[in-house]
1. Give me the residues in the stretch B:46-71 whose solvent-accessible area, probe 1.4 Å, is reduced by at least 50 Å² once all protein chains are included instead of the chain isolated.
2. Once each part is reduced to its C-alpha centroid, what is the distance from the stretch A:12-74 to the stretch A:126-177 in angstrom?
3. I'd like the FRET efficiency for A:VAL7 and B:THR54, computed as 1/(1 + (r/R0)^6) with the beta carbon distance as r and R0 of 30 Å, rounded to 0.05.
4. Report D for the protein assembly as shown in µm² per second (integer): Stokes-Einstein, Kirkwood Rh on Cα pairs, 37 °C, 0.692 mPa s.
5. What ³J(HN,Hα) values, in whole Hz, does the Karplus curve 6.51 cos²θ - 1.76 cosθ + 1.60 give for the stretch A:166-174 when θ = phi - 60°, with x put for Gly and Pro?
6. Mind checking how much accessible area B and A bury in total, 1.4 Å probe, in Å² rounded to 100?
7. Using a 7 Å offset from the Cα along the Cα-to-Cβ direction at both B:GLN83 and A:LYS327, what is the distance between the two label points in nm, to one decimal?
8. Take the Cβ-Cβ distance between A:GLU345 and A:ASP303 as r, set R0 to 25 Å, and report the resulting FRET efficiency rounded to the nearest 0.05.
Amino acid sequence: MPTPAGVGPKRTALHAVHKAVGARMTEFGGWDMPIEYAGITQEHLAVRTSAGLFDVSHMGEITVRGPEALPFLQSITSNDVSRLSIHQAQYSALMYPEGSAVDDCVVHRMGEDDYFICVNAANTDKDFDWLTKHNSLGAELKNVSSQYSQLALQGPRAAAILSKVTGVDLAAIRTYWFRPADCCGVNGILARTGYTGEDGFEFYFSPEHSEHVWNALLEAGKDGGLQPVGLGARNTLRLEAGYALYGHELDENTTLLEANLGWICKLDKGEFLGRAALLKQREEGLRKKLVGFEMAEPGIARDGYPVWVDGEKAGYVTSGSPAPFLKKNIGLAYVPPAAAQPGHEIMIEIRQRKVRARQVILPFYRRPK
Amino acid sequence: MYPEEFQYTKDHEWIRVDGETGTIGITDHAQKELGDIVYVELPKSGDAVTAAETFGTVESVKAVSEIYSPVTGEVTAVNGKLQDHPELLNTDPHAAAWLIRVKLSDPGEVQKLMSAEEYEAYIQEAESH
């Protein structure tokens with residue numbers, strides 16, 4: 001949604017709606033976004049046990065089209081775009097030559113030579129510039145972020161709620177597939193994707209319908225416990241699910257292998273930006289490794305806190321928080337690869353005090369099948 | 001909303017003075033800003049606190065917040081209930097969720113703090129920005 005002229009953070013088309021219900025707002029990625037409505041804990045639990053509705057219209061969207069779209073995307077993303085069927089999506093990364101990510105993203109194959117990439121809000125301009133700079137093949141690139149609102153409906157009841165406002169056979173949309181769809185009388189792109197660790201959907205559509213779709217979904221879910229959820233719970237939900245957040249687990253100084261994202265590095269798909277660096281690192285070994293931990297003593301790890309291993313300051317926390325569903329204090333941290341071992345103890349430095357934590361297998365939370 | 005018998009700091013703490021003893025807590029405004037409070041770190045009885053210096057920490061799901069002492073003195077009591085029930089700070093910040101009691105070194109310090117009326121004007125001003 002175009003932002004009103006003037007300075008200050010951008011606003012989604014639902015900004016006034018959030019303010020009207022008393023959401024607490026905060027700046028995130030250059031946008032003034034709802035961080036919480038009823039409270040992070042309550043919103044988090046709603047998504048784990050029934051359903052939550054998120055305004056994630058700050059996310060960026062970039063289209064790549066034409067006969068050169070596939071070879072171009074193959075050359076600049078880490079995952080194998082050629083494996084995508086039409087109406088299938090994949091988690092991937094836009095790459096630097098060093099094997100680190102410009103951004104992590106979801107690539108959707110809309111048609112034969114037609115791709116739609118969802119990227120992080122704060123990185124949208126950087127991503128588009130990077131794509132443009134490396135587009136020597138001449139694929140047709142457009143930053144279409146202002147043409148889309150995006151709502152995420154997440155939780156075990158998401159499909160049941162959505163079925164009330166769409167005629168689409170939702171059972172036919174498997175995880176990480178999508179289709180053009182009418183929801184609440186509005187045409188858009190309906191994807192079975194999300195960032196919470198739950199089943200759920202993300203709907204991309206024209207911003208002028210935002211208020212109508214938001215209200216219609218809340219109405220459809222009001223008997224099912226659906227509630228609006230802000231970015232605060234979005235962060236605790238993704239952390240419990242062990243998902244990376246750009247700027248925390250991922251940045252230009254961290255390779256995908258170090259971030260446990262080897263599974264989106266298809267090193268055998270052919271040449272791509274960063275492939276040589278990743279191959280070299282696979283030979284020579286990682287500099288650091290991302291691990292999950294639980295606090296073993298009272299204390300909450302937070303982003304940036306130092307990590308001590310065997311009496312030495314050896315790493316840092318990338319995300320740390322109380323986990324509202326698991327009822328533990330958890331976090332992600334980079335440690336030396338030799339120290340990365342589930343069950344092994346590390347110390348988190350909290351206000352000049354070293355507090356014991358235990359490494360655990362990721363993800364912290366996996367939804368029941 | 002804000003008790004008349006308290007004095008308030010710009011950092012959103014309150015103090016209620018009875019003779020030489022002050023009871024200290026965080027304001028309703030502070031707990032609302034923090035959101036769901038999940039962890040509290042407080043000093044021990046006998047520890048010294050200094051006006052305008054930090055004496056503890058309150059953490060919500062999303063944030064860490066230092067607590068500043070409105071006065072100088074010695075801690076005489078700590079609210080032990082908050083260790084197991086930090087959420088009391090959200091539900092009853094002006095009464096059940098007091099943080100510490102302090103024997104005041106200089107009762108005159110309290111005069112520098114804000115009255116309830118001044119504090120309400122102060123937070124309204126802050127919210128309008």
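1. The answer is B:GLU59, B:VAL61, B:LYS62.
2. 12
3. Numbers: r = 34 Å, r/R0 = 1.13.
FRET efficiency, A:VAL7 to B:THR54: 0.35.
4. D, rounded to a whole number, is 133 µm²/s.
5. 9, x, 5, 6, 5, 4, 7, 9, 7
6. Result for this pair: about 1200 Å² buried.
7. Going by the 7 Å Cα→Cβ label model, 1.9 nm.
8. After rounding, the FRET efficiency stands at 0.75.
The values are calculated or read from the model by the stated rules, or taken from the named source; none is laboratory data. Bear in mind that the values here come from a model prediction, so they are computed numbers and not experimental data. When we count neighbours, we look across all protein chains shown, and the Cβ atoms used for this are built from the backbone with ideal geometry, even at glycine. The protein model used for the area step is the full one, side chains on, heavy atoms only, and it has no ligands, DNA or RNA in it. Shrake-Rupley method; radii C 1.70, N 1.55, O 1.52, S 1.80 Å.
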